[in-house]
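To keep things clear, I will list the structure first and then write my remarks on it.
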2 protein chains.
Amino acid sequence: MTTNHPTAAILIIGNEILSGRTQDTNVKFIAERLDKAGIKLLEVRVIPDDESAIVETVNTLRAHYTYVFTTGGIGATHDDITAACLAKAFGVPLEINEETFTILQNHYKESFNASRQRMALMPRGSELLKNQICTATGFKIENVYCLAGMPTVMQNSFTLLLPSLKTGAPFVSNTVKCDLREGDIAQALTDIQNAYVSVEIGSYPFYRTPPDIGTSFVMHGADPVAVTNATNAVIAMVEQFGGTYTVDWFCKK
Amino acid sequence: MTTNHPTAAILIIGNEILSGRTQDTNVKFIAERLDKAGIKLLEVRVIPDDESAIVETVNTLRAHYTYVFTTGGIGATHDDITAACLAKAFGVPLEINEETFTILQNHYKESFNASRQRMALMPRGSELLKNQICTATGFKIENVYCLAGMPTVMQNSFTLLLPSLKTGAPFVSNTVKCDLREGDIAQALTDIQNAYVSVEIGSYPFYRTPPDIGTSFVMHGADPVAVTNATNAVIAMVEQFGGTYTVDWFCKK
């Protein structure tokens with residue numbers, strides 16, 4: 001595995017994912033960008049909108065990783081409990097964030113009712129995380145970033161906060177897609193993996209409508225020269241086994 | 001939350017999800033079917049192809065939930081370490097499963113090389129989980145079901161194993177989609193939630209291209225009468241606030 005990279009976890013707070021109603025897309029969006037920023041995403045968890053689950057999981061994750069990104073539960077309704085849970089997790093009061101209160105008041109004017117005022121409640125010590133889509137009140141406390149669940153809003157907030165994070169050498173990856181079966185090349189691939197220990201080599205077979213059957217090899221790492229050399233070794237292996245292939249090179253994107 | 005329902009966790013073993021390369025779809029597939037079977041999915045985790053992470057997470061999850069479903073890491077290559085990790089987690093030897101060995105041998109014949117023979121290695125006490133797509137060697141040990149990462153194969157295996165699980169009263173859900181903003185109805189919605197404690201009421205605002213802005217309310221629970229009554233209360237609330245709406249009723253699917 002890599003060293004000297006900041007690490008991260010994503011915590012999806014959402015009954016709608018656990019019931020199967022909603023296809024999550026927030027993980028992929030955040031994961032791709034962390035990877036390019038050289039921040040190693042090491043864990044994702046999806047948990048219910050449940051106080052004890054949120055408090056316990058946040059405290060576990062924030063102790064283990066450089067950054068924790070949560071999505072969901074920051075609106076105006078009864079099921080939006082992220083801010084209250086984070087206050088509990090950090091052992092600080094939940095209180096009105098004045099900056100947020102003013103922004104919401106100016107936006108909602110006469111519609112700034114008690115439910116919307118609740119959206120200005122944040123754990124003491126939080127900073128508002130803005131977005132350019134709506135008035136959703138994401139916030140950051142220490143190394144935990146609490147974002148909206150709605151993808152458009154989450155994406156905008158995350159894009160705005162990303163430059164403030166400590167980053168590492170960017171991860172890059174090449175993909176070699178070929179028509180060989182992984183069981184035929186497994187030993188040769190192991191030899192390549194052993195020769196390039198700084199590169200994670202993944203083997204992903206696919207069985208679609210014949211003849212669309214084969215394997216994709218993904219070479220991923222923070223050393224672009226090693227990733228390129230490992231990719232060339234995999235290409236040579238595919239040629240040696242008589243396979244045909246296409247390559248998706250990171251440097252041509 | 002619900003009572004008397006079997007519980008479950010999903011464990012996605014996959015560097016390709018954590019690097020952002022791959023959009024996971026296995027969670028939604030399994031989650032939807034567990035929900036209909038009355039099995040309460042309470043947690044999802046995504047972790048790397050890393051022995052200590054797998055062993056530790058499997059042991060945590062299997063102690064907490066009725067069922068654990070893992071996906072990924074059961075092929076023929078060096079990155080396929082699920083079986084070895086499960087043996088370690090359960091403290092049992094990793095050994096040839098004779099049934100699996102015979103199936104693989106009959107399928108691959110003269111191509112049944114050392115790498116493919118490795119696919120017949122399972123923790124002692126495992127049962128093979130079959131699928132109708134390919135020879136991928138999913139297995140079950142106690143309450144842990146280890147499935148392929150490839151969606152087509154995972155889906156087929158899961159569909160075949162589902163009837164063997166202990167189930168509960170099926171969960172159902174109705175969705176009311178309307179053009180109201182959640183901040184306007186939050187208090188009224190809280191009152192409905194308090195009146196129907198057996199129903200989880202979720203509020204999901206959406207901000208798409210105007211005028212496609214509003215909120216979806218999801219009423220979810222194992223008591224279809226309570227879910228229906230809560231839905232009717234939400235509809236009455238939307239009408240009272242002058243909203244227009246559509247309803248997706250579970251009973252009309």
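Throughout, read-outs are computed from the coordinates displayed, never taken from laboratory work. Here the structure is a predicted model, which is why all the values come from computation and not from measurement. Every residue, glycine as well, gets a Cβ built from its backbone with ideal geometry; the counts of neighbours run over all protein chains shown.
Going by alpha carbons, how many degrees (0 to 90, nearest 10) lie between the helix axis of B:26-36 and the longest principal axis of chain B?
60 degrees
Within 10 Å of each Cβ in A:183-191, how many Cβ atoms from other chains are there, averaged over the peptide?
That works out to 6 on average.
Using +1 on the beta carbon of Lys and Arg, -1 on that of Asp and Glu, and nothing else charged, what's the dipole of the protein assembly as shown about the Cα centre, debye to 20?
That gives a dipole near 320 debye.
Assume the label is 7 Å from Cα along Cα to beta carbon: what separations in nm does B:K28 have to the matching positions in the other copies?
0.9
In debye, nearest 20, what is the charge dipole magnitude of segment A:76-191 about its Cα centre with +1 on Lys and Arg Cβ and -1 on Asp and Glu Cβ, if you could check?
340 debye
Rounded to the nearest 10 degrees, what's the angle between the helix A:224-240 long axis and the longest principal axis of chain A, both from Cα atoms, 0 to 90?
Once rounded, one gets 40 degrees.
Could you pull out the chymotrypsin sites (Phe, Trp or Tyr not before Pro) across segment B:166-253 that fall in loop regions by DSSP (anything but H, G, I, E, B) with no more than 15 other Cβ atoms inside 10 Å?
Taking segment B:166-253 and a limit of 15 other Cβ atoms within 10 Å, the loop chymotrypsin sites (Phe, Trp or Tyr not before Pro) found are B:F241, B:W249.
With everything on Cα atoms, drop me the angle between helix B:182-195 and the longest principal axis of chain B, reported from 0 to 90° to the nearest 10.
80 degrees
Let me know the mean shielding of A:32-42 by other chains, meaning the per-residue number of their Cβ atoms within 10 Å of its Cβ.
Taking all residues of A:32-42 together, the mean is 3.
Calculate the dipole size of segment A:172-252 relative to its Cα centre from +1 charges on Lys and Arg beta carbons and -1 charges on Asp and Glu beta carbons; express the result in debye to the nearest 20.
With Lys and Arg at +1 and Asp and Glu at -1, about 160 debye.
What nm distances, shortest first, do you get from the label point of B:G91 to those in the other copies when the point sits 7 angstrom along Cα to Cβ?
Once sorted, the set of distances for B:G91 reads 3.4 nm.
Looking down the axis that turns B into A, which residue of B has the closest beta carbon, and how many Å out?
Checking which Cβ lies nearest the axis yields B:R45, 3.
What average number of partner chain Cβ atoms lie no more than 10 Å from the Cβ of the residues making up A:227-239?
Per residue, the average neighbour count from other chains is 0.
Considering only the label points, 7 Å along Cα→Cβ from Cα, what distances in nm to one decimal separate B:T190 from the same position in each other copy, shortest first?
Values, ascending and in nm: 6.1.
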